[in-house]
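Read-outs: derived from the displayed coordinates by stated rules, not from any lab. These numbers were taken from a predicted model, which means no experiment stands behind them. All Cβ positions, even for glycine, are placed from backbone atoms using ideal geometry, and neighbour counts span all protein chains on display.
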Amino acid sequence: MEPITAAFGLACIAAGGGAGFWLKKVDERLTGVNETAVVLQQAQAAHFTHLNNEVATLQGQVQQMTDLVTALRATHPEMHGSILAHEIITALEKAQPEDQSIISQALSALESLVSSISLEASVGDENLLTATSASLLGRLLAAFDSRHITASTLGLSPVAAHRLGHASLLLARFDWAESSFGLAYQSSPGNANILEALEHIALLKGDDEVRRHWLEARMTVHPDQPDLLRSHAHLLAKLGDAEAERDVLRLEALGVDTAADRSLLSGLRARAGSRSEALEAIEQALAEDPNQAPDWLSYAQLLNESGEGGKAHQAVERCLELDRQNGEAWGLLAQLLAPHGNRSKEALKAATHAVALDAGGTDLVFLKSDLQFTEGKVAEAEETLEKALLKDPADAELRARMAGRKLISGEYEAAQKLLDNTPFGIDHALLHVVEGRLHLVLCDRARDGTGQTDASLLANAVSSFEGALKLNRELGVAWLGLARTKRLLKDLEGATEDINRAMRLLPEQDPSASIEAALLAVEMGDLPSASKHIDAADVRGNAPIVSYVRGNIAIGEGRFQQALEHFTATLDAEPNHIRARLNRCSTYLVLNEPAKALDDSQILIDLAPQLMLAFLRRSESLRHLGEWSRALEDLKHVLESSPHHHQALTSVGECYLELERPERAENPLNEAILLEPNYAPAWHQRGLMYMHIGRNENALDDFQSAVRCDGKHLDSRLRIAAIHHQAERFAEAEVAWLAVLAQDPDHTVARTRLAECEGNLAKV
């Protein structure tokens, strides 16, 4: 073997041995790796099994939490709303400004957040929202702000806007609160809660003028609420508005004024300035420059208010020397001269200048008219008023006062025409007052003799006076008219409240409220109070109306002769006083002076031919005089106008009986009983009719019905006793005669017949 070959062989053997050793080592390592991999796989499998178990447990817990949240959202809508709101708000906060798709969802979220707030929630209540809801709502409003979204552009419903207003107020977001309540107000302008909130917001913002607006709107809903009146008074005082005094006077009229209210009133008047100080200031100004006409006018006005009419006259004359076109000065001059009868021509000249210069308003127009009337220029006086109204048909006060004057003069159609021709949209409290008075006058004229008044006319009167009070709660004449209307409606409690209100508001020198209070007291049967009130009203001597009321009081007290004297005094002063003549006519009948009653009834018919009560009085007078045919004619006339007049029907039956026509009496008497089953005279007259035709037992039933209607109906009791006595039912007759004597202990016939009954019963 060659050495090279041997060397190569040895090298190969050595290399083979090295390779085998290496392979063995590699195999050992691979075996170790495999064993490690197996171990790792086993460990990993165990780990994943644990991990999967953990995940499964966690998923179970998450599901439990999800189920719990779902259950809570189902049973607690507010939580659902909060979660939903949070989701939507988060989305809204992240969304791009141009993305409008989420706005509708945001609106739903808002409505959900405020849904629990009551529409009658107390304004400023801090417990309207939970802390969570308040926080979410704050975020939502901020998101809306960032997108320049407002309450008016959001599309809120009126209810949602109302609730959002309360919520925004809680968050001190006055902008959102004001706009939200503003939206709600558009839908419900008279809602007290909304108005209170808007006024409260203005208060918090320190905006006095806006607050005044909303405060006055609240007062239209609750015009007599003391707290509102006080708030309004203080606000106006702060603003320097003299109208603040009206609120305090209204509190006084309500009878709820306090020491603080009176103190405020004192301060208001003091703030207006002392006259002495004002006079001193204007005198100093005139001393420095005596050629200022406005200063002379101010000086004259202050002097007039201070009761210095002579000096005021001199001052206003000086003003007119400097300025002949000063309408106010002419007006003041007319007012200063008018009370002096010997200077009425001068006063008329001044008033004419003032009216021509459009000064003085309605008062001066009426002053001019009154002065013309005083001077005997009746046509010119009427023309002055008509020209003024033609010039300004929208002057509601002028129209109302003209209509009132027509009403007083008895020109009812002219008064109605003035009211009817009021331009559309023009309103004034006095227009409603005159309308109410017209309804009362027409109602009085429509009386049918039953003592009742036309219910529809009275209802219209109530509506008119209440309409006046909606416009001016301090109008005493409206409360006075309402009091009278309620008296006629027999609402005596309501009338009492209203007359007390009127007496607080009307001037002390005005007797009208005391007169109405006296009439109300008569109606209530409180004659001492009636006398007290009429004494208070008697400030100008024995005026016709005062005498009339005194006559009514005397009748109530049974002093018929004195009543006659009072009614006569009224008629001496005012011959056309319908009520006084009616009452005097009735008084003559009570005093058994039918001839004089007949005279009064004839005058009544001449004065008021439509007044059926006058024909009833004449018929009654004629019946007292035994002139049954003439009386029957008057009754037929009444029935032509009022076919269901049960009193007239009863009297017709009486006339036919006296005229020996009982067959003609039955129908009217039956109808009278049908119309008014509780009217005792109708039963009595039908009883007499039955007696006339020999049906005594039917008569007995009717007389008993008359007594059931009127326990003091003596004539029916006498007839009952007589029928029983005649039928020899002495036991029944005894009871009946005793009933007569219980009512009239001196009745001779009853005593005689009672003795006869007792004698006959003793024989049995």
Going by average Cβ neighbours within 10 Å, how do the peptides 294-300, 353-359 rank, with the highest at the top? 294-300, 353-359
Roughly how many Å is it from the Cα centre of segment 320-347 to that of segment 351-411, as a whole number? 17 Å
Residue-by-residue Karplus 3J(HN,Hα) for segment 624-637, coefficients 6.51, -1.76, 1.60, Hz, glycine and proline x: 5, 8, x, 8, 5, 5, 5, 4, 4, 4, 5, 5, 4, 5
Net charge contributed by nearby residues that have their C-beta within less than 11 Å of residue 220 (K/R +1, D/E -1): +2
Stretchable slack from residue 258 to residue 120, in nm (0.36 nm times residue separation minus alpha-carbon distance): 46.7 nm
Segment 455-568: mean projected area of Cα convex hull, nm²: 7.1 nm²
Does anything in segment 588-623 have its amide N under 11 Å from the 7 Å Cα→Cβ label point of residue 692, and if so which residues? none
Subtracting the Cα-Cα distance of residue 573 and residue 204 from 0.36 nm times their residue separation yields 126.5 nm
Quote the relative contact order of the chain in percent (integer), defining contacts as alpha-carbon pairs under 8 Å separated by 6+ residues. 3 percent
Which entry in [x] 16, 47, 30, 6, 0; [y] 17, 53, 28, 1; [z] 11, 26, 23, 18, 10, 4, 3, 3, 2, 0 is this structure's computed P(r) over Cα pairs in 20 Å bins from 0, in percent? [z]
Among the listed pairs 490/532; 486/532; 311/345, give every one whose C-alpha distance is greater than 26 Å. none
Can you pull the one-decimal nm distance between simple spin-label points at residue 374 and residue 394, each 7 Å off the Cα toward Cβ? 3.3 nm
Please give the contour-minus-distance gain from residue 761 to residue 187: 0.36 nm per residue of separation, less the Cα-Cα distance, rounded to one decimal in nm. 198.1 nm
Can you tell me which of 157-165, 279-287 comes out highest on packing, and rank the rest after it, using the mean Cβ neighbours within 10 Å? 157-165, 279-287
Tell me, what is the FRET efficiency for residue 83 and residue 213 to the nearest 0.05, using R0 = 41 angstrom and their Cβ-Cβ distance as r? 0.50
Placing +1 on each Lys and Arg Cβ and -1 on each Asp and Glu Cβ in the chain, then taking the dipole about the Cα centre, the residue among 531, 641, 149 whose Cα reaches farthest towards the positive end is 641
Mind giving me the FRET efficiency for residue 535 and residue 500? R0 is 22 Å, r the Cβ-Cβ distance, nearest 0.05 is fine. 0.80
Crossing angle, helix 748-763 versus the chain [Cα axis fit, 0-90 degrees, rounded to tens]: 80 degrees
With charges only on Cβ, +1 for K and R and -1 for D and E, what is the dipole size of the chain about its Cα centre, in debye, rounded to 20? 780 debye
A correct fewest-to-most ranking of 441, 434, 462, 378 by other Cβ atoms within 10 Å would be 378, 441, 462, 434
Rank by packing, highest mean first: peptides 478-485, 217-224, 108-115, with packing defined as the count of other Cβ atoms within 10 Å averaged across residues. 478-485, 108-115, 217-224
Which GluC sites (Glu not before Pro) from segment 485-518 combine a DSSP loop assignment with at most 13 other Cβ atoms within 10 Å? 508
Cα axis of helix 275-288 to longest principal axis of the chain: angle in degrees, 0 to 90, nearest 10? 80 degrees
Assuming a ≥ b ≥ c are the square roots of the Cα gyration tensor eigenvalues, decide whether segment 78-253 counts as rounded (a/c under 1.5), prolate (otherwise, with a/b larger than b/c) or oblate. prolate
Once phi is turned into θ = phi - 60°, what whole-Hz ³J(HN,Hα) does the Karplus curve with 6.51, -1.76 and 1.60 give for every residue of segment 351-366, x standing for Gly and Pro? 5, 5, 4, 4, 5, 4, 9, 6, 10, x, x, 4, 4, 5, 4, 5
Calculated from backbone phi, Karplus (6.51, -1.76, 1.60) coupling profile of segment 545-561 in Hz, x at Gly/Pro: 5, 5, 4, 4, 5, 4, x, 5, 4, 4, 4, x, 8, x, 9, 5, 5
